[in-house]
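Enquirer: Before anything else, here's the structure in question.
Computed from the coordinates by the stated procedures, all read-outs in this text should not be read as laboratory data. Nothing here was measured: the structure is a model prediction, and the numbers come from that model. Here Cβ is always computed from backbone atoms with ideal geometry, including for glycine, and neighbour counts include all displayed protein chains.
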Amino acid sequence: MALMTGRRSRALDSDDNDDSRPNTPSSTAPNDSKRMRRPPGSQDDVGGASADTDSAPPSLILSGAPDSAVVQSNVQNEPKYQPGAIVRVKLTNFVTYTSAEFFPGPNLNMVIGPNGTGKSTLVCAICLGLGWPPSYLGRAKDPSEFVKHGCREATIEIELHGPPRTRRNPIIMRTIKKEGNKSVFMLNDKASSAKMVQAMANSFNIQIDNLCQFLPQDKVVEFAQMSPVELLASTQRAVAGAEMTKMHEDLKKLRSSQTQYISENRGHQEQLVNLQNRQEMQRSEVDRMRERASVQKRLTWFEKCRPIARYADAKTKYRDARHMIPPLDRQLTRLKDASAPTLKRLESKQRYSEQAKQVVSHRARTLKDSERECDRLMKEVEEKQDRIKDLDNKVEAEKKSIPNTRGEIKQNELKLTELKRKKAEPPEDFDVRIISDEIQSLRNKERQFSGYEQDLKLRYDNLREQGKERTTKLTDLNNTLQGLETQAGQQENKLNSLSRDTFQAWKWVQENRDQFKDVVYGPPILECSLQDSRMADAIESLLQENDFKIITAQNREDFLKLQQKLLKEKKLHDVSLRTCSASDLSQHRPPLSQTEMNNFGLDSWAIDHLVGPPTVLAMLCSEKALHRSAIASKELSQQQHDDLANTTVQSYVAGRKTYQFIRRAEYGSAGNTARVRDVRPAQRWTDQPVDMGRKASIERSIAENHGELEIIRSEILNLKNEAKEKKGEHEQVGVQLAALLSQRDAKQTARKVWLGLDQKIQDTETKLEGLQDQIEGFRGRVNALRAEKDHMLLEKAQAILDFAAATGALKAAAARFLEAQVIAIEAASDVEGLEIQNEHIVQTIQEKEVELAEARRVCAQEKQVAEQILREVYQLKVEAQRLEEEEEDSGLAKTMEQVGALQTEENLDAEIDSQNAQLALTEGGNASIIKEFEDRAKIIEKLKAKVQEAERRQEAFANGIKEIRGKWEPKLEGYVERISAAFSDSFDRIGCAGQVTVFKASSDDATDCTEENGGMSNGLDFGNWAIHISVKFREQEPLSLLDSHRQSGGERAVSTIFYLMALQSLSQAPFRVVDEINQGMDPRNERMVHGRMVDIAAEDGGSQYFLITPKLLNGLKYRRGMTVLCIVSGENMPAARQEDGRGNVVSSGPKIDFRAFAKRARELGIASGHDARSALAMNDRSFTVTSQVSEIGAF
């Protein structure tokens, strides 16, 4: 730091003369066309030295805070920013910065500085300030973690260059509050939201979520591991806009729907052919069974028509029974006429006997009434006697109550004396308001303590939660770090790179295994491995990317649960699920014997080289037919190839080629073709070295989390001590409050009791008066009771007289009843005598009446039977009519006519026996075959309709794909050709070669491999279209695909930055950010890349570029239009302002002049005659700089 101070002194000496100014070219910084007067009292020296600021050009002063500051020098001409480019970034209490302000240039901005000074903090501020979440940075989880330690909130202010013809640049301000992890957005000084800010950013085509535009430090590894498919999507978004991305998505959706309909239609067609064949095979059997069903139906109808045959018999029986009634009726009439005189005398005696019985009944009722009257009067006498006894008891009670009342009077007199004595002694007076004020004061203190304790608890809970999060994160980071060095961990990392959704889904399955009925197996990339790693290329060439990430369930129930949890609830869309219940490979046997394999030149089957759970291997056999995919160590002859095509082998790998057979059965052996592809280098089941870049990033994150965890623990300990102290004070206030409340309550209770004595005295006096009245009213009450008793004695005597009279009436009624009974007995005796004399006449008449009644009963019964049968016949007729009208079936009507002609039930039985004999001839067969035949016919019609509809939809999808592809594909090829030209040019300039092409993935389905679609190169697999980057770094090498196996880390970094630069001329984004992309480069590559980047990114008219790097080679290329942002930190840096103890700014601090650095560079001979604009950001102790840097051409 002493050397830096010395340089500042030399810079101040040079300010006394203008030696440096004449050689300075025209500046391009804003607002440099006129001089700015220095404000009175301003300082521009270091360590107290002063300089004449009039000798220096005016500059824009960027104020800092006690921990950091950023400074931007001005140049002469107004820079040409694109709409949406970043004009200014201001940070307050953000990560390491207390206050900092950046003014980036419109073209290339190099942000340089040692590790840990806060370069990447600028990247974080851009992401968060424009409304995107921290997940796109790959660092902290919550925005609140970006608030500087010890501060309550952080502020990010970003000014973007506005669109043409606008008066004001849009300014976004985001305030992040640490408590509650909340953010407040302001857009042009008006309240806004994250969605509105993002919408405004999207209107400028700012894509923070696109790694081709925004590549933070912790996402560099992720970008390098981006698959070619993902690279295509990101490239489209970066250079082609939303329309191209939408067309690509539409093509993928259309293709997915088309593939689904093709698959469904193929199944429907196969099912249709199968059902039609079965239908023809069963037709003769169905005809025979239909004849049998017809006979059975006729038998049923004959049984139903039996009432027709029974009705004739019932009608005849009814007619016979009706004819028997008239003769019997005439006989009974003649018999009654002949016996009339004798019977008349008998009837007279019978009437007299009945009258006598009625008199007996009447007199019996009269006797009963007399008995009830006697009982009533007897009860009344008893009631009067009971009332007399009650009156005697009351008189005795009145006599006994006199002594008790006198005793009660004496007690109340004593009580009244005591109450009056207490009333004469009033309680001590006290001021309620004073005590209440003291109580209220203590309660206010209690509430303050409660609020403070609650606040402490919230802070404690928040810190504990942060500690848990840090602990969990540390555990995850340590596990990830350990996993990098283990095979299982490396495979999990590969799965995460392959599909984040599948990785998250598998983690959830592992944590919730108890929810499933059977074991759920993970993706093959984790569950399976190779017996021999040398076979990785061959085995992986037989599989698609999706095959490595299939999660396998063993039953339908677990499969549906996985669908519900992963796809619907957790919204993980890039997840593939399958069901496989096989526990071995017995159902997936190879199609050839070992001898046949030797004859064909085959060595083994693909499935034999895989090791894993049998269920997962069985799933792979079902999905990719690995048991029918062979491996050959050398190429097959043409004859072997042709012979193998006529077997059921699906594919084979020979040398560096993969051959997949496509067979069309309708053309026989002429329909056999083979699709040939190059064997791709293996990427999944390979042994790779540990990714040191990612390891270093993880170790850095672990160290940061450990530091934060120690800070949190310290704060928790302080909170506990503070809470303990406050708890003691709170308890002391509680004791004081309880004492005051007890004192106040005791005095208030005594006062209340004394005030209530008046009412008690009055109540006691009233009670004494009542008791005196009771004594004085004693004689009157006794006389009244005795008078009532005399009245009761008179009523009792009258009741006894009434009872005696009722007893006499009862005796008279009994005598009359006995007399009537004697007369009735004599009359009954006379009737009995006459009946004995005429018994034979009466018996004859009764027998004839019984015979006539029986004849009438039989007639009614036969009539009822005939009518019931007739109703059944009518119902049959109605049913026959319904069948004719609704079902056009006249069989029942004809059967009714046939049965009516038979006339008798015996003839009907004979006809039924004949039909049973015919039925026996068709015995045997399946009774349900007719229903199956008819149901199958309906299914066939439905399948025909589905096949026609699917073909129509396939044609519609094909037309839609053709239309969109005709627009999208040429545009995409045009963009990629331009990217490839720029990419190749960059490689040519460094003596290497490179190209970018579009890989058009094709479908191998026979339905798609038609001449109309382009055969095997149909390019219909839009979901797997990709960007292929091919590079060559040495002359003797051919162009090869860029991946993690062929090229070194530095070569991949060079290729990546050249690809990003190739996007520069096409990019529609207003700015691009690349953070530490040069970490893996050697000095030669880094120097070449930097020179090329300067040539491209510093050109006028291009988009704004931010290049973050901690490395600094000497002799790097510089060009007008570049802006260099220097971030410096150190404990000895001067402060930008002076503050009092309350945080108020009292004066500006000293400034640093970068011209001293420029002069020193010229003296050392490491500068050239170029302009550069620079900015300075300081950590720990900051300052404000006013500077014009000149003649610095290399850093």
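Enquirer: Beyond 17 Å, what share of the Cα-Cα pairs of the stretch 355-430 remains, rounded to the nearest whole percent?
Expert: Cα-Cα pairs in the stretch 355-430 separated by more than 17 Å: 75 percent.
Enquirer: Longer than 25 Å from Cα to Cα, which of Lys399/Lys767; Lys178/Lys445; Lys624/Lys1000 are they? Say none if no pair is.
Expert: With Cα atoms farther than 25 Å apart: Lys178/Lys445.
Enquirer: With Cβ to Cβ distances under 12 Å as the rule, what net charge do the other residues near Arg365 carry (K, R +1; D, E -1)?
Expert: +2
Enquirer: Report Rg(Cα)/(2.2 N^0.38 Å) for the stretch 542-600, keeping two decimals.
Expert: 1.64
Enquirer: Same structure again: Could you state the number of Å between the C-alpha centres of the stretch 430-472 and the stretch 886-915?
Expert: 101 Å
Enquirer: Hey, got the Cα dimensions of the stretch 574-633 along the principal axes, in Å, largest first?
Expert: Here the Cα extents, ordered largest to smallest, are 40, 25, 16 Å.
Enquirer: Could you work out the local net charge near Arg513, counting Lys and Arg as +1, Asp and Glu as -1, over the other residues with Cβ closer than 15 Å to its Cβ?
Expert: Residues near Arg513 contribute -2 overall.
Enquirer: How large is ³J(HN,Hα), in whole Hz, for each residue of the stretch 418-427 in order, when computed from phi with the Karplus curve 6.51 cos²θ - 1.76 cosθ + 1.60 and θ = phi - 60°, using x for Gly and Pro?
Expert: Karplus-based 3J(HN,Hα) across the stretch 418-427 equals 5, 5, 5, 5, 5, 5, 6, 10, x, x Hz.
Enquirer: Pairs Lys182/Lys568; Lys90/Lys177; Lys253/Lys946; Lys253/Lys942; Lys570/Lys962: which exceed 25 Å Cα-Cα?
Expert: Going by Cα-Cα distance, Lys182/Lys568; Lys253/Lys942; Lys570/Lys962 fall outside the 25 Å limit.
Enquirer: Shifting gears a bit: Just subtract the alpha-carbon distance of Arg1034 and Asn718 from 0.36 nm times their residue separation and send over the number in nm, one decimal.
Expert: Going from the current span to full extension adds 107.5 nm.
Enquirer: Mind giving me the nanometre distance, one decimal, between the label points for Glu795 and Arg680, set 7 Å out from Cα along Cα→Cβ?
Expert: Computed distance between label sites Glu795 and Arg680 equals 11.9 nm.
Enquirer: Viscosity 0.692 mPa s, temperature 37 °C: give me the Stokes-Einstein translational D for the stretch 789-881 in µm²/s, with Rh taken as the Kirkwood radius over C-alpha pairs.
Expert: 154 µm²/s
Enquirer: Could I ask something else about it? How would you rank Asp745, Asp574, going from fewest to most other Cβ atoms within 10 Å of each one's own Cβ?
Expert: Neighbour counts put them in this order, fewest first: Asp745, Asp574.
Enquirer: Next question, about the same structure. Can you give the Rg to Rh ratio of the stretch 486-684, both from alpha-carbon atoms, with Rh computed by the Kirkwood formula?
Expert: 1.01
Enquirer: Assuming R0 = 30 Å, can you tell me the calculated FRET efficiency for the pair Lys379 and Ala784, based on Cβ-Cβ distance, to the nearest 0.05?
Expert: Efficiency at R0 = 30 Å is approximately 0.65.
Enquirer: So between Leu818 and Thr316, what do we pick up on full extension, going 0.36 nm a residue minus the alpha carbon distance?
Expert: Working it through step by step, the gained length comes to 174.4 nm.
Enquirer: Once the other residues with Cβ under 13 Å from the Cβ of Asp830 are scored (Lys, Arg +1; Asp, Glu -1), what is the net sum?
Expert: Neighbourhood net charge equals -2.
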